Amino acid sequence: MKDKIWDGRFAEKTDRSVEIFTSSIEFDRRLYPYDIQGSIAHCRMLAKTGIITEDDAAALVQGLGQIKRELDRNEFIFDDGLEDIHMHIETRLVEKVGKVAFKLHTARSRNDQVALDVRMLLRDEIRHVLRWLLDIRGVLVDLAAANIDVVLPGYTHLQRAQPVLLGHYWMAYYEMFARDSERLNECLQRVNIMPLGAAALAGTTYAIDRAYTAKLLDFPRVSVNSIDTVSDRDFIIEFLASASICMVHLSRMAEELVLWSSSEFGFIALSDAFATGSSIMPQKKNPDVPELVRGKSGRVFGGLMAMLTMMKSLPLSYNRDLQEDKLALFDSIDTLKACLEIFTRMLPKVRINRKNMQAATRTGFLNATDMADYLVTKGIPFREAHNCVGQAVSYALGKDKELQDLTLDELKDFSKVIKKDIYEILSTDAMIERRNVTGGTATEQVRLAIETARRALAQEENAHTEIKF
Ligand code: ARG
């Protein structure tokens, strides 16, 4: 067991159970590239401000580079007696470059250091999530365009309501993911703030140059209040809230895909490559991928709850509770990325059963509203028209027919104003095309939505490729 960097005031060795209990190396080793990059920038700033010499800085930077290579190649030896990734790297630096390594932590605390590492990691990860959100939206727009003439019943209360274009359906999910991107971009603004210099909680007595460190690490801003800086995890909560909302969207789509691929709906078939079989029932093809996406949403919500609960009674400033933030955060990042990726791969291979979708629009009185609207155009007040069509529906139900199957004479019994042109009004295509209002389901509107989305995606694509990773 190595001596600890902080054990000067301790008379007794740490109990082994405490070492195991307090250690975070199992999960925070993931921060290592950021920890090293942050330390290198910190060294350079210390040299620039004359707090350490250029020679010292050069030795430290070289040693840190060697440690990075050891970690990259999996040659680094971990020891849970060394608590966390920061202690591991610093301890190894002493082995590599000797006593000069003791200067690395000048004007810094693990409290601002860990805030820096997590912010850098999350900044990268948000950019990866944004990439997936671009891809999945691209897939949805392509699906919408490829199936522009497919109609299906739209539902409210999971009861057939009115016919819509399948493209309109896909574009509804496009909108949700567009909002997710917007939210994450805003969250990124608040993640992208440089905390070093807050030190333990009160700032530092050295004449450091925080703006210089920020520049080296590509941060547009430095944090304002040192107490807030070391205890703030709002940016994690915000990410987890955005991730949770995105998981809600994925989970809703998952639910839809599960329903639609059932024999009861028969609207879609998942490709064999994205479905699984049963170990006992040979006939089964199960939608495990959407089911797991739906299930995994709970993990991300759990992460958000864990963070909110952890933060709600923490006195200022840093408390060790905060070490637990990484578990919630890392798991949620991985879950969200995995779900976005698998859907982006699966969706283009979904087989659309357009016949079943179309057929489903013909039963269930989806045209009742349109018949009422028709009566209104003939001068009947809407409430009266509603009642009149209600009676027609009741009559048709008794005859086991749909409204469009009733004869003109039968229809006229409900209102004298009904003419032959009613049948055109009652057809699925007319119902769709007459909803030619901004945001409506008419083909023209859906095409417009697709074009607008394509332009937005192209613009975001450009902005995204400019980002340095
Ligand atoms: N492993 C700790 C964390 O993740 C690093 C900061 C520890 N600071 C301290 N004063 N014990 O939060």
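When the residues 305, 431 are ordered by accessible surface, computed with a 1.4 Å probe over the protein chains alone, the sequence from largest down reads 305, 431.
In the stretch 139-187, the convex hull through the Cα atoms has an average projected area of 4.1 nm², a quarter of its surface area. Where a ≥ b ≥ c are the square roots of the eigenvalues of the C-alpha gyration tensor, would you call the stretch 1-55 rounded, which needs a/c under 1.5, or, failing that, prolate if a/b is larger than b/c, or oblate? The shape class here is oblate. The listed residues 400, 7, 84 rank as 400, 7, 84 when sorted by accessible area, largest first, using a 1.4 Å probe.
Taking amide H as placed 1.01 Å from N in the peptide plane, residue 286 has its amide H under 5 Å from the amide H of 276, 277, each at least 5 places away in sequence or on another chain.
For the chain, the orientation-averaged shadow of the C-alpha convex hull comes to 30.2 nm² (one quarter of the hull surface). When DSSP assigns beta bridges and you keep just the ones with both residues in the chain, what percent turn out antiparallel, to the nearest 5? Taking every DSSP beta bridge with both residues in the chain, the antiparallel ones total about 80 percent. Derived scalar couplings between HN and Hα for the stretch 99-112 equal 4, 4, 4, 5, 7, 4, 8, 4, 6, 8, 10, 5, 5, 7 Hz in order, rounded to whole Hz, by the Karplus curve 6.51 cos²θ - 1.76 cosθ + 1.60 (θ = phi - 60°), x for Gly and Pro. Computed about the Cα centre, the dipole magnitude for the stretch 227-372 is approximately 740 debye when only Lys and Arg (+1) and Asp and Glu (-1) carry charge, each at its Cβ. Where only DSSP H runs of four or more residues are counted, the chain gives -19500 deg cm²/dmol as its mean residue ellipticity at 222 nm, each run worth -39500 (n - 2.57).
Within the accessible area of the stretch 400-464, what % is carbon and sulfur when the probe is 1.4 Å and the other protein chains stay in place? Answer for the stretch 400-464: carbon and sulfur cover 51 percent of the accessible area. Residue order by solvent-accessible surface for 19, 12 is 12, 19, largest first, with ligands and nucleic acids left out and a 1.4 Å probe. The amide H of residue 154, built 1.01 Å from its N in the peptide plane, has 161, 162, 164 as neighbours under 5 Å, considering only residues 5 or more places off or on other chains. Surface calculation, 1.4 Å probe, protein heavy atoms: residue 280 sits at approximately 130 Å² accessible. For the stretch 223-239, the Karplus equation 6.51 cos²θ - 1.76 cosθ + 1.60, evaluated at θ = phi - 60°, returns couplings of 5, 9, 9, 5, 5, 4, 4, 7, 10, 7, 10, 3, 5, 6, 4, 4, 4 Hz by residue, with Gly and Pro reported as x.
Summarising the overall dimensions of the stretch 138-219 from its C-alpha atoms, the Rg and Dmax are 24.1, 69 angstrom.
Straight-line cross-link reach from residue 420 at under 14 Å between alpha-carbon atoms covers these aspartates and glutamates, not counting any fewer than eight positions away in the same chain: 405, 409, 410. For the chain, the relative contact order works out to 16 percent when only alpha carbon pairs closer than 8 Å and six or more residues apart are counted.
Accessible surface for the stretch 314-418, divided over its residues, is 50 Å² per residue with a 1.4 Å probe. Taking the Cα centre of the chain as origin and assigning +1 to Lys and Arg Cβ atoms and -1 to Asp and Glu Cβ atoms, the resulting dipole is close to 440 debye.
Anisotropy class assigned to the stretch 14-92 is prolate, per the alpha carbon gyration tensor with a/c at or over the 1.5 cut-off and a/b larger than b/c.
Of the solvent-accessible surface of the stretch 246-381, computed with a 1.4 Å probe over protein heavy atoms with every protein chain present, carbon and sulfur atoms account for 55 percent. Scanning residues 5 or more positions from residue 199 or on other chains, those with amide H under 5 Å from its amide H are 109, 112, with H placed 1.01 Å from N in the peptide plane. If you sort the three axes of the alpha carbon gyration tensor as a ≥ b ≥ c, you get a/c of 1.5 or more for the stretch 1-135 and a/b no higher than b/c, which makes it oblate.
The values are calculated or read from the model by the stated rules, or taken from the named source; none is laboratory data. Note that the structure is a prediction, hence the values are computed from the model and not measured. Neighbour counts run over all protein chains shown; Cβ positions are idealised from the backbone, glycine included. Protein only, heavy atoms only, side chains kept; ligands, DNA and RNA dropped before computing areas. Shrake-Rupley method; radii C 1.70, N 1.55, O 1.52, S 1.80 Å.
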